Each structure stands twice: as C-alpha cells, then as structure tokens.
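**Student:** My structure is below; once you've seen it, I'll send some questions.
Bear in mind these aren't lab numbers, they're just calculated from the coordinates by the rules spelled out. These numbers were taken from a predicted model, which means no experiment stands behind them. Cβ coordinates were reconstructed from backbone atoms using ideal geometry, including for glycine residues, and neighbour counts include every protein chain displayed.
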C-alpha cells in the first residue's frame with residue numbers, strides 16, 4: 001500500500017493546534033491549582049486528631065490512585081447528572097484533573113513536611129522566632145525545596161493526562177487533533193505532529209520549572 005505524506009495539512013492547521021496547546025496548558029494549570037489546594041487540605045486533615053477524618057483521607061487517596069483516570073472523568077461527566085449535577089466538559093476535566101492530582105499531591109506534600117526534623121522547629125522556637133516565621137523559614141521553604149521535583153513531575157504528568165479529557169470533548173490538543181484528523185484523514189501527519197507538540201510542551205515545562213527552582217530555592221552564597 002502506497003501512502004504519500006502531506007504535511008501541508010499540518011501547516012494549514014497549525015493555528016488550531018497551537019490553540020489546542022494553549023487549552024492543554026490551561027487545563028493543566030487549573031487542575032494543578034486545584035490539586036495543590038486538595039493536597040494541602042488533605043495533609044491538614046490527614047493529621048487530624050479524629051480517626052474518622054484520617055481514614056476518610058486515606059480512603060480518598062487509595063480510591064483515586066487505584067482507579068483509572070478515564071473512569072473518574074466518565075463518572076463526573078456521565079454519572080453525576082443522574083443525581084442532578086450536570087457539568088460541562090471543560091469544568092469536568094478541571095475537576096477530574098484536580099481530584100486525580102490532589103490524591104498524589106497529598107502524599108507528596110505530606111512527605112515534604114515530614115522530612116523536616118522536629119528538632120529544627122524546636123530550635124527555631126527556642127531562638128525566639130514566631131510560629132509563623134518558623135513555618136515560613138524552617139518548614140515551608142525546605143519542604144518545598146524537597147518536594148519541588150516531585151510536584152514538577154506530577155504537573156508534567158497532569159499536562160499529558162489532559163489528553164484523556166478529549167473523551168468528554170473538553171477543548172485541548174488531542175480533541176483538536178481528532179477533529180483535524182476526521183476532516184482530513186491524515187492520521188500519520190496529525191498524530192505525529194501532536195506527539196512532537198506534547199514533547200515540546202513537556203520539555204519547555206521542565207526547563208521553565210528548573211529555572212524557577214534554581215532561582216527560588218537556591219541556597220544563599222553569603
């Protein structure tokens with residue numbers, strides 16, 4: 001079977017593909033903000049003095065981490081309307097990404113906080129620092145430095161996971177590619193180009209966060 005490749009389709013569709021990239025980044029950013037909020041809240045509740053609350057957080061983490069993301073997004077989009085909660089595709093994708101990422105963020109953030117020796121906190125209090133100053137300078141900054149690579153990896157993974165949101169017609173790169181492919185029947189050119197775009201986005205995100213880490217978490221030189 002002879003197949004003649006024609007990348008003029010990609011050139012003509014590049015504005016749509018770039019808009020899809022922007023949609024992907026937007027979904028990932030919104031999902032990550034929600035995930036971090038869930039992660040911080042989950043860490044606080046995970047150390048609750050009430051056993052029921054602790055077990056609910058543990059159950060949430062295990063349930064989300066051990067079920068497919070596609071099933072989670074389908075549940076929000078197709079099952080919740082049966083009880084009167086109808087959500088449009090883009091908010092559905094953001095909520096699903098936030099919940100999925102939040103389950104992982106709970107464990108990442110919790111690990112960072114627990115990595116700070118209690119002796120350092122006690123030493124800070126002994127030096128006369130307020131609890132807010134102890135949290136800011138002794139707990140928060142070292143904890144963020146410790147978990148930042150894991151958070152970055154989770155964000156990049158969340159960015160790639162947005163492709164699953166095409167299953168509910170959320171606007172992102174893969175859904176745009178599906179429309180272009182259905183109109184042109186140029187599967188190789190379309191999905192080959194989309195692969196390159198995902199690689200480029202992942203590389204740019206990694207480089208950007210590496211520069212941010214070097215600037216924000218550098219150890220003082222003086």
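**Student:** For helix 141-161, what angle does its Cα long axis make with the longest principal axis of the chain, in degrees from 0 to 90 and rounded to 10?
**Tutor:** 20
**Student:** Same structure, new question: Taking R0 as 30 Å, what FRET efficiency do you get between residue 122 and residue 65 from their Cβ-Cβ distance, rounded to the nearest 0.05?
**Tutor:** Working: r = 34 Å, r/R0 = 1.12.
Efficiency at R0 = 30 Å is approximately 0.35.
**Student:** Quick one, which of [x] -0.50, -0.59, -0.93; [y] -0.49, -0.58, -1.04; [z] -0.32, -0.40, -0.93 is the actual log10 I(q)/I(0) by the Debye sum over Cα atoms at q = 0.09, 0.10, 0.15 Å⁻¹ calculated for this model?
**Tutor:** Of the listed options [x] -0.50, -0.59, -0.93; [y] -0.49, -0.58, -1.04; [z] -0.32, -0.40, -0.93, [y] comes from this structure.
**Student:** Shifting gears a bit: Need the full-extension length gain, residue 129 to residue 182, defined as separation in residues times 0.36 nm minus the C-alpha distance. One decimal, nm. All intermediate terms of the calculation are to be shown ahead of the outcome.
**Tutor:** On the way: separation 53, 0.36 × 53 = 19.08 nm, distance 6.29 nm.
Working it through step by step, the gained length comes to 12.8 nm.
**Student:** Could you work out how far apart the two model spin labels at residue 140 and residue 202 are, taking each label as a point 7 Å from the Cα in the direction of the beta carbon, and quote it in nm?
**Tutor:** 3.3
**Student:** Then there's this: Highest GNM mean-square fluctuation, the chain, Cα pairs closer than 10 Å: which of 97, 17, 45?
**Tutor:** Of 97, 17, 45, the Gaussian network model singles out 45 as fluctuating most.
**Student:** Which one of 166, 150, 48 has the biggest mean-square fluctuation once the chain is modelled by GNM with Cα springs under 10 Å?
**Tutor:** Between 166, 150, 48, it is 48 that shows the largest mean-square fluctuation.
**Student:** On a full-extension model of 0.36 nm per residue, what is the gain between residue 150 and residue 215, subtracting their alpha-carbon distance, rounded to one decimal in nm? Working shown, then result.
**Tutor:** Values: separation 65, 0.36 × 65 = 23.40 nm, distance 1.73 nm.
Contour length minus the Cα-Cα distance gives 21.7 nm.
**Student:** Could you check which residue among 180, 25, 99 shows the biggest mean-square fluctuation in a GNM of the chain with a 10 Å Cα cutoff?
**Tutor:** Ranking 180, 25, 99 by mean-square fluctuation puts 180 first.
**Student:** Treating the angle as unsigned and between 0 and 90°, give the value, to the nearest 10°, between the Cα long axis of helix 89-114 and the longest Cα principal axis of the chain.
**Tutor:** 30
**Student:** Can you give the helix-only mean residue ellipticity at 222 nm for the chain, where every DSSP H stretch with n ≥ 4 adds -39500 (n - 2.57) and the sum goes over all residues, rounded to the nearest 500 deg cm²/dmol? Don't jump to the answer; show the numbers that get you there.
**Tutor:** On the way: 8 runs with 158 residues, N = 222.
Value at 222 nm, helices only, nearest 500: -24500 deg cm²/dmol.
**Student:** I need the calculated FRET efficiency for the pair residue 18 and residue 191, taking r as the beta carbon distance and R₀ as 25 Å, to the nearest 0.05.
**Tutor:** Details: r = 16 Å, r/R0 = 0.65.
E(calc), rounded to 0.05, equals 0.95.
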